[in-house]
Amino acid sequence: MRDLIEEIFNGLPVPFSFGQILVRRRECAGFVLLHRDDASLNLLETYRDAEGAIGIAKYDDAGNYRPLKTAPNLRHGWRLELAAAEQLRRALDYFYPGRLAVFAAWKSGYLKTTALRETLDRQSGLYRVAAKISDPQINDLVTDFCRSDTGCLRTILWKRDRNRVIASTKLPSEKFDPVYDQGTASGPPGSATPATAAAAATVPLLCQEACNLLVAECRKVVKDEDV
């Protein structure tokens, strides 16, 4: 059986950026990963196994737990040295769970997306009420929750509903463009800085359907309105 992830992964150019991570080749052999902001720094804490990524990704610079691994708050000050491509692939999956598989499916033309309304309609129990959220509320919530500078670095591929309405009209168009580097977005919605030519290629973090955290926020919006 074909391993699409391996095929796509082995074809990636190095160096490349993946979310807030920069991947380079080591001078001897293997790879080195570090925070993109730390690319010019030398005094970094060094790790030498893929599992080091688990601890690095767990907390932000202030020591706060990171429930959303694709949030733009990956901590700084580390360097991860890995000997082989298999370790690199494993480490990237620890940093951004499932994103390599989604990228491979998208690159191969097999990725299926799910509209937000469809995701909400299939909720049950305590989360069933989330489907009552209005379109204007979705527009505002997605703008605040998914924005790249403070919310999430994923590129949104899903639509609001089966009519293929855009997820939020208040987010910049780049938020929905897989070619755009979300890591360069540093301002409020509508003011994202255009991607510039860089030495490293960019592998996008793609979002094919609303995450559980966004669903929970939809429920919260509806419940708060009922209070």
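Go through the residues of the range 41-55 one by one and say whether even a single one is within 21 Å of Thr202 (Cα to Cα), out of contact with any Ser or Thr (no Cβ under 9 Å at 6 or more places or on another chain) and surrounded by fewer than 14 Cβ atoms within 10 Å (Cβ to Cβ).
yes
Any idea which of Phe31, Phe9 is surrounded by 14 or more Cβ atoms within 10 Å (Cβ to Cβ), touching a helix residue (DSSP H, G or I) at 6+ places or on another chain (Cβ under 6 Å), at pLDDT below 90 and not assigned by TED's automatic domain parsing to the domain that holds Leu205?
Numbers: Phe31 fails: at pLDDT below 90.
It is Phe9.
Name the residues in the range 56-99 that are among the acidic types (Asp, Glu) and either out of contact with any strand residue (DSSP E or B) (no Cβ under 6 Å at 6 or more places or on another chain) or surrounded by fewer than 16 Cβ atoms within 10 Å (Cβ to Cβ) (or both), would you?
Initial filter on the range 56-99 (among the acidic types (Asp, Glu)): 60-61, 81, 86, 93.
Within the range 56-99, Asp60, Asp61, Glu86, Asp93 meet the criteria.
Only residues that are under 17 Å from the mean Cα position of the chain (by Cα), under 24 Å from Asp181 (Cβ atoms) and among the hydrophobic types (A, V, I, L, M, F, W, C): list them for the range 43-85, please.
Result: Ala53, Ile56, Ala57, Leu68, Ala71, Leu74.
Does Phe145 count as closer than 16 Å to Asp224 by Cβ and aromatic (Phe, Trp, Tyr)?
Numbers: closer than 16 Å to Asp224 by Cβ: yes; aromatic (Phe, Trp, Tyr): yes.
Against the criterion (closer than 16 Å to Asp224 by Cβ and aromatic (Phe, Trp, Tyr)), Phe145 qualifies.
What pairs come out if I take residues in the range 35-55 that are touching a residue at least 24 places away in the same chain (Cβ under 8 Å) and pair them with residues that are among the aromatic types (Phe, Trp, Tyr) whose C-beta lies under 6 Å away, six or more apart or interchain?
Hits for this filter: Leu44/Trp78; Glu45/Trp78; Ala53/Tyr94; Ala53/Phe95; Ile54/Tyr94.
For the range 204-224, give me the residue count where each residue is farther than 30 Å from Val23 by Cβ and either touching a residue at least 60 places away in the same chain (Cβ under 8 Å) or part of a loop (DSSP other than H, G, I, E, B) (or both).
The first filter runs over the range 204-224 and keeps only residues farther than 30 Å from Val23 by Cβ, leaving 215-224.
Those left that are additionally either touching a residue at least 60 places away in the same chain (Cβ under 8 Å) or part of a loop (DSSP other than H, G, I, E, B) (or both): 215-219, 221-223.
The total comes to 8.
Could you check the range 91-105 and list, in sequence order, the residues that are more than 15 Å from Thr70 (Cβ to Cβ) and at pLDDT 95 or above?
Taking the range 91-105 and keeping what is more than 15 Å from Thr70 (Cβ to Cβ), we get 91, 104-105.
Of everything in the range 91-105, just one residue is more than 15 Å from Thr70 (Cβ to Cβ) and at pLDDT 95 or above, namely Ala91.
In this structure, is Lys175 modelled with pLDDT of 95 or more, of a type in the set (D, E, K, R), outside the structural domain of Gly19 (by TED's automatic domain parsing) and more than 18 Å from Tyr96 (Cβ to Cβ)? Outline the logic, then answer.
Working: modelled with pLDDT of 95 or more: yes; of a type in the set (D, E, K, R): yes; outside the structural domain of Gly19 (by TED's automatic domain parsing): yes; more than 18 Å from Tyr96 (Cβ to Cβ): no.
No; evaluated as a whole, the condition is false for this residue.
Scan Arg89, Arg75 and give me the residue that is in contact (Cβ under 8 Å) with a residue 12 or more places away in the chain, among the basic types (Lys, Arg) and assigned to a loop (DSSP other than H, G, I, E, B). Quick ask: steps written out before the conclusion?
Details: Arg89 fails: assigned to a loop (DSSP other than H, G, I, E, B).
Matching residue, one of Arg89, Arg75: Arg75.
For the range 119-165, give me the residue count where each residue is assigned to a helix (DSSP H, G or I), closer than 21 Å to Phe18 by Cβ and of a type in the set (Ser, Thr, Tyr).
Count: 0.
Look at Arg26 and say whether it is modelled with pLDDT under 95, touching a strand residue (DSSP E or B) at 6+ places or on another chain (Cβ under 7 Å) and either among the charged types (D, E, K, R) or surrounded by 14 or more Cβ atoms within 10 Å (Cβ to Cβ) (or both). Step through it out loud before you land on a result.
Values: modelled with pLDDT under 95: yes; touching a strand residue (DSSP E or B) at 6+ places or on another chain (Cβ under 7 Å): yes; either among the charged types (D, E, K, R) or surrounded by 14 or more Cβ atoms within 10 Å (Cβ to Cβ) (or both): yes.
For Arg26, the condition - modelled with pLDDT under 95, touching a strand residue (DSSP E or B) at 6+ places or on another chain (Cβ under 7 Å) and either among the charged types (D, E, K, R) or surrounded by 14 or more Cβ atoms within 10 Å (Cβ to Cβ) (or both) - is met.
The values are calculated or read from the model by the stated rules, or taken from the named source; none is laboratory data. Every value quoted in this text rests on a predicted model; they were computed, and no experiment measured them. Positions of Cβ are backbone-derived with ideal geometry, glycine not excepted, and every protein chain shown enters the neighbour counts.
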